[in-house]
Amino acid sequence: MVIKVFLASSSGSTAIKKKQQDVVAFLEALKVDYTPLDIACNEDNRMWMRQNVPEDKKPANGIPLPPQIFNEESYCGDYDTFFDAKEDNLVYTFLGLPPPPGSKEAEQADKDNIVENGTHAEENLDDTIVPVEDRNGDSNKEVKQATDENEEGEGDEEEKEGAAKEETADDEGETVGDEAPTEKEEEAAVEETDEVTEDTEGQAEEEEEQEEEAE
């Protein structure tokens, strides 16, 4: 990118000469490369400058006066806009150039970036955090509701399975109680029968003895 400064080397106006010197001296102090283009000795330069200054930037008589500043074919401004940019430390922005590191304009740009993208932006993000349910809408609520219903359904199935197991256990207990007596129970029953039989035979013998004695 080439900075073009249109000047009038043989201007009879002291004000114009002073403005031209001010622009050139400041650009040299900033070490900005520029190309001076004389409109007093070169008719092509004078015509190009007049044609490329925007209509809304031209004075009332329609003839722009030097110094006029361009970045290639892009119009930057005249002395007044250059002076305002110099006062605001925005000369590089005025010229359409990136400010060099360490310059006041670069530091100001860094501060602006911090305000826009740094701590202030993070605080705003914290204030505007939206709950997950609200961000995802009703779909997240429906998923949660379906999950709760599935859990309730599983709980009911577990209760039903537990009740079925208890009923099965009761049925098995009753069946066991109705089963045939074990071997031990049969032996005990046989012993009881033998004792009853012995008692009966003993009583019969005693009655026979008593009858014999009575005869």
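Brief remarks follow.
- Meets criteria (open to solvent by less than 80 Å² (accessible area, probe 1.4 Å) and either touching a His at 6+ places or on another chain (Cβ under 6 Å) or farther than 17 Å from Cys76 by Cα (or both)) for Ile3: no
- Verdict on Gly62 being over 52 Å from the mean Cα position of the chain (by Cα) and small (Gly, Ala, Ser): yes
- Matching residues, the range 10-31, being under 14 Å from Lys86 (Cα atoms), among the aliphatic types (A, V, I, L, M) and loosely packed, with under 14 Cβ neighbours inside 10 Å: Ala25, Ala29
- Boolean, Thr14 is among the polar types (S, T, N, Q), touching a strand residue (DSSP E or B) at 6+ places or on another chain (Cβ under 9 Å) and farther than 24 Å from Lys104 by Cα: no
- Residue that is open to solvent by less than 40 Å² (accessible area, probe 1.4 Å) and among the hydroxyl-bearing types (Ser, Thr, Tyr), where the choices are Tyr34, Tyr79, Tyr75: Tyr79
The values are calculated or read from the model by the stated rules, or taken from the named source; none is laboratory data. A quick note: this is a predicted structure, and the numbers were derived from the prediction, not measured. A quick note on method: Cβ atoms are made from the backbone with ideal geometry, for glycine too, and the neighbour counts reach across all protein chains shown. Heads up: the accessible areas ignore ligands, DNA and RNA and are worked out on the full protein's heavy atoms, side chains in. Shrake-Rupley method; radii C 1.70, N 1.55, O 1.52, S 1.80 Å.
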